[in-house]
1. Can you pull the one-decimal nm distance between simple spin-label points at ILE272 and VAL318, each 7 Å off the Cα toward Cβ?
2. In whole percent, what relative contact order does the chain give with Cα contacts below 8 Å and a gap of six or more residues?
3. Dipole of the chain, Cα-centred, from +1 at each Lys and Arg C-beta and -1 at each Asp and Glu C-beta, to the nearest 20 debye?
4. Give me the distance in nm between label points sitting 7 Å out from Cα along the Cα-to-Cβ direction at THR303 and LYS338, one decimal.
5. Going down the table (LYS44/LYS338; LYS88/LYS225; LYS225/LYS264), which pairs top 24 Å between alpha carbons?
6. Tilt of helix 36-49 relative to the longest C-alpha principal axis of the chain, in degrees (0 to 90, nearest 10)?
7. Between GLU108 and ASN150, what is the label-point separation in nm under the 7 Å Cα-to-beta-carbon projection?
8. Going 7 Å from the Cα of ASN216 along its beta-carbon direction, which residues of segment 129-162 have the amide nitrogen within less than 17 Å of the resulting point?
Amino acid sequence: MLRYLPLLLFIILSNVGIAQKQVLFEKFTNAYCGVCPDATLQLKDLVAEYPDLIWISHHKPVSWTDNPLTNEQSIAIWDDLNISGVPKGMVDRTFSGSNITLSRSLWEQRVLEQSDNDALFNIEIKDVSYEPNSTRELAFEVEAEALLENIEGPFRLTVFIVEDEVTGTEQHSYWNDVAGHPLEGMGDVIWSYSHSNVVRSILNNHWGESDIVPNNPTVGTTYNKSYSYLVPEAYDAEQIQIVAKISYFDEENNYPGQVLNASKTVLSDLDIKLTNSKTEFLSETTLTISPNPTTDFARLSYTELPSAIKLINNTGKVLKEIRPNALETTLDLSNLPKGSYYLMSNINDVWHGELLLVQ
């Protein structure tokens, strides 16, 4: 009987799909956390050691000042989980005791444990296209396939739009005076800091979508969803990543369940055009905004007449578009919620980007 065992195992395994398990790490951070840049160095070491680790960062809104690195969907996750203190991390949304967000001392061990798990789903990001000129539309498809029979949901499919190496927002640091530390001498506030893997938007529901993968998926059947996202002109398309994951979800308590697999696509790794030679951001601005921050209006003063002005929110949606006929124009912002917006001005076929804060 034992001589037939290898053949039996071969038959069983040949009917089960095989996919690489990728671990999703979600860091909770903000630009005013002095410990957080050291946690970033820790995560970079983890990614180097575990190449199948996908790392994204949810930034926290700060009550006394605006944080342009936040987005509405990540804020909703912060609120639902009632997170206090940073930095914290979720590793595949698994628990340590009663805690789903973990302190730094637990990160590596949990990543190691999750790396050893088998993938229950294969998840792919396919058919990616990007229009770099007028619309900056990013389109793609996400495909999920169950690899084992009799796995039962409910499941959620979630797509994150992530921008790496984001500059323009300072980072507080406790490491300026720590001898030998990589951040020594860079300042208590690092003004030129590059923020890693910033979640810019979570498409649709912040906990994902429930109507794509059924509760009892069939092995060999693929479940697909097409997505479209307008990349704001202030974002660097060459640093944009698409991250998709499939996970369990606690429908009764509206609470996240364990991530079963994840996938990441970096746009710059694809053979698609990401930049327009006539579209760039200039170091010398041709625009003065007054007041900024503002509450209900902004006066725009140009040195050259723009052909078009666009106001974009941090999810990529164009809120206003005007074609001015004078060097000075007033923008009505009274119906906008508090937050950060991007004012884009087209002058001689070159786009100028400015951050506009509404308080």
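1. 1.9 nm
2. On the way: 789 pairs, mean separation 60.9, N = 359.
Relative contact order here is 17 percent.
3. On the way: 24 positive and 49 negative charges, 54 e Å.
Magnitude of the dipole: close to 260 debye.
4. So the two model labels end up 3.5 nm from each other.
5. Numbers: LYS44/LYS338 33 Å; LYS88/LYS225 31 Å; LYS225/LYS264 16 Å.
Violating the 24 Å limit, Cα to Cα: LYS44/LYS338; LYS88/LYS225.
6. On a 0 to 90 degree scale, this one is about 40.
7. So the label points at ASN150 and GLU108 sit 3.9 nm apart.
8. The answer is 146-155, whose backbone nitrogens lie closer than 17 Å to the label point.
Readers should treat all values here as calculations from the given coordinates under stated rules, not as data from a laboratory. Remember, it's a predicted structure, so these values are computed and weren't measured experimentally. Positions of Cβ are backbone-derived with ideal geometry, glycine not excepted, and every protein chain shown enters the neighbour counts.
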